[in-house]
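Please read the structure below before turning to the comments.
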Amino acid sequence: MASIQTKIALSLSALTLGTVGSLVVFAPASLFELNKVVLDPSAAMMSEIRAPGVLVLVGFALAMAGLKDDRLLRPALTLSAVLLLSYGVGRLISLPIDGIPPVSLLAALAIELVLGAWCALLVVNARAPTQQTG
């Protein structure tokens, strides 16, 4: 049975990944506009924007599955940690190269790093299932 801390972290991860993934796939112009980015509406650009959004939605789906089935908790937490920390680290790399982004993206950076680190710590601290020999 998952701890309440694990359920909260995975719920917040699912909420974050589901919201962002859905916006990137189904309403990318609206999402990017919030961050003062105007997208080129060409098919090539929109394809490049939407594709990683589907990966984020896969993370959402696994997080939701992990909330329903304890056997999927570890993989759900692991993928959540990988996705969130990857985005956060990517934003950190961008800071010295590209400069300071809008406040909304700095907030995203903080959320991604904190929630991703929390999921990673839960994975590391989770006890491996005991194996019976005999």
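The values are calculated or read from the model by the stated rules, or taken from the named source; none is laboratory data. Everything numeric in this text was worked out from a predicted model, so none of it was measured. Here Cβ is always computed from backbone atoms with ideal geometry, including for glycine, and neighbour counts include all displayed protein chains.
For the stretch 75-110, which residues satisfy the criterion of being surrounded by fewer than 16 Cβ atoms within 10 Å (Cβ to Cβ) and over 24 Å from Val38 (Cβ atoms)? Within the stretch 75-110, Pro75, Val82, Ser86, Val89, Leu92, Pro96, Ala110 qualify.
Tell me, please, whether a residue that is over 19 Å from Val103 (Cα atoms), at pLDDT 95 or above and within 11 Å of the chain's Cα centre (by Cα) can be found in the stretch 25-34. Checked the stretch 25-34: no residue is over 19 Å from Val103 (Cα atoms), at pLDDT 95 or above and within 11 Å of the chain's Cα centre (by Cα).
What's the total number of residues in the stretch 12-32 that are farther than 24 Å from Leu113 by Cβ and part of a helix (DSSP H, G or I)? Before you say what the answer is, go through the steps one by one.
Kept after step one, since they are farther than 24 Å from Leu113 by Cβ, are these residues of the stretch 12-32: 26-27, 29-30.
Next, from what is left, pick out any that are part of a helix (DSSP H, G or I): 26, 29-30.
Of the residues in the stretch 12-32, 3 are farther than 24 Å from Leu113 by Cβ and part of a helix (DSSP H, G or I).
Per-residue answers, yes or no, for (1) more than 15 Å from Ser13 (Cα to Cα); (2) of a type in the set (Lys, Arg); (3) out of contact with any Pro (no Cβ under 9 Å at 6 or more places or on another chain):
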residue	(1), (2), (3)
Val89	yes, no, yes
Leu92	yes, no, yes
Leu95	yes, no, no
Asp98	yes, no, yes
Ser104	yes, no, yes
Ile111	no, no, yes
Gly116	no, no, yes
Cys119	no, no, yes
Val124	yes, no, yes
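Within the stretch 35-49, being under 24 Å from Leu106 (Cβ atoms) and part of a loop (DSSP other than H, G, I, E, B) holds for Asn35, Lys36, Val37, Val38, Leu39.
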